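Participant: I'd like to ask you about the structure that follows.
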Amino acid sequence: MTSQASDYKADVVVVGGGIVGLATAYAVLKKSPKTKLVVLEKDSQVGAHQTRHNSGVIHSGLYYKPGSLKAKNCLDGYTKLLQFCRENEIKHEICGKVVVATSQAEIVQLEMLYQRGLANGLTGIRKLDSREIPEIEPFCSGVAGLFVPQTGIVDYGEMVDVLKQKVLNMGAEVLTNQQLVQIDERRRA
């Protein structure tokens with residue numbers, strides 16, 4: 001840490017001011033509002049890397065094995081993410097997506113995804129033939145496809161800015177230009 005944060009006292013230190021770090025800080029503060037918490041971010045702004053440079057997809061749970069922790073986490077997270085967006089007026093759109101098989105050999109995988117989607121509780125998922133694909137997405141073609149209506153897009157950069165403001169409003173500190181270089185473990189007396 002630079003001298004700005006080296007003597008900082010906190011109950012919880014979150015290293016990284018991307019969406020995962022700020023969402024973690026927010027969850028800690030919601031559960032324990034009196035926690036003295038600091039978020040350390042090595043860059044000059046929060047969310048400078050993956051958060052602001054991803055495709056903005058809101059995943060539906062299509063790809064994960066039914067019953068797995070990944071599937072459960074994705075489905076639970078999907079609901080919470082949409083609720084957070086609505087409550088905080090974050091731009092998002094549930095526009096759906098098309099998954100295509102570009103050859104006959106890929107139809108088996110498409111069927112597996114279809115079955116996984118059904119098992120994971122996706123409603124409205126439907127199979128498409130080659131003529132139906134461009135009706136939904138004119139710049140796409142394939143031998144077969146799936147339409148997954150739950151998939152969407154969101155501006156995760158906007159979301160991380162909202163999360164930063166929320167944790168600041170809850171009394172936390174968000175320190176930028178703070179690269180963690182060492183951790184000294186000390187036991188409290």
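Bear in mind these aren't lab numbers, they're just calculated from the coordinates by the rules spelled out. Just so it is clear, the structure is predicted and the values come from calculations on it, not from any experiment. Positions of Cβ are backbone-derived with ideal geometry, glycine not excepted, and every protein chain shown enters the neighbour counts.
Participant: Arranged from highest to lowest average of other beta-carbon atoms within 10 Å per residue, in what order do the peptides 127-134, 149-156, 165-172, 18-25 appear?
Facilitator: Taking the mean over residues of other Cβ atoms within 10 Å, the ranking is 18-25, 149-156, 165-172, 127-134.
Participant: Let me ask something additional. Which net charge results when you count Lys and Arg as +1 and Asp and Glu as -1 among the other residues whose beta-carbon is under 15 Å from that of residue 129? Write down the numbers at each step before the final one.
Facilitator: On the way: positive: 126, 127, 131; negative: 106, 111, 132, 135, 137.
Overall, the nearby charge balance is -2.
Participant: Still on this structure, please answer the following. List the chymotrypsin sites (Phe, Trp or Tyr not before Pro) within region 77-148 that DSSP assigns to loop and that have no more than 12 neighbouring Cβ atoms inside 10 Å.
Facilitator: When the chymotrypsin sites (Phe, Trp or Tyr not before Pro) of region 77-148 are filtered for loop state and at most 12 Cβ neighbours within 10 Å, 139 remain.
Participant: Please list the equivalent ellipsoid semi-axes of the chain, computed as the square roots of five times the alpha-carbon gyration tensor eigenvalues, in descending order and whole angstrom.
Facilitator: 41, 16, 16
Participant: Where both residues lie in the chain, what percent of DSSP beta bridges are antiparallel, nearest 5?
Facilitator: Working: 13 of 20 bridges.
Of those bridges, close to 65 percent are antiparallel.
Participant: Using the C-alpha atoms of region 34-115, what convex hull volume per residue, in cubic angstrom, is computed?
Facilitator: Roughly 177 Å³ of hull volume per residue.
Participant: Also, quick follow-up: So what is the calculated 222 nm ellipticity per residue for the chain, using -39500 (n - 2.57) for each DSSP H run with n of 4 or more, over all residues, to the nearest 500 deg cm²/dmol? Intermediate values should be presented prior to the final figure.
Facilitator: Values: 6 runs with 67 residues, N = 189.
The helix contribution divided over the chain gives -11000 deg cm²/dmol.
Participant: Provide the packing ranking of 99-109, 54-64, 36-46, i.e. peptides ordered by the mean count of other C-beta atoms within 10 Å per residue, highest first.
Facilitator: Working: 99-109: 13.6, 54-64: 16.8, 36-46: 18.8.
By packing density, highest mean first, the sequence is 36-46, 54-64, 99-109.
Participant: Full-extension gain between residue 132 and residue 11, please, as 0.36 nm times their residue separation minus the C-alpha to C-alpha distance.
Facilitator: Here the segment from residue 132 to residue 11 would lengthen by 38.0 nm.
Participant: Helix 156-169 sits at what angle to the longest principal axis of the chain, using alpha carbons and giving 0 to 90 degrees rounded to 10?
Facilitator: 30 degrees
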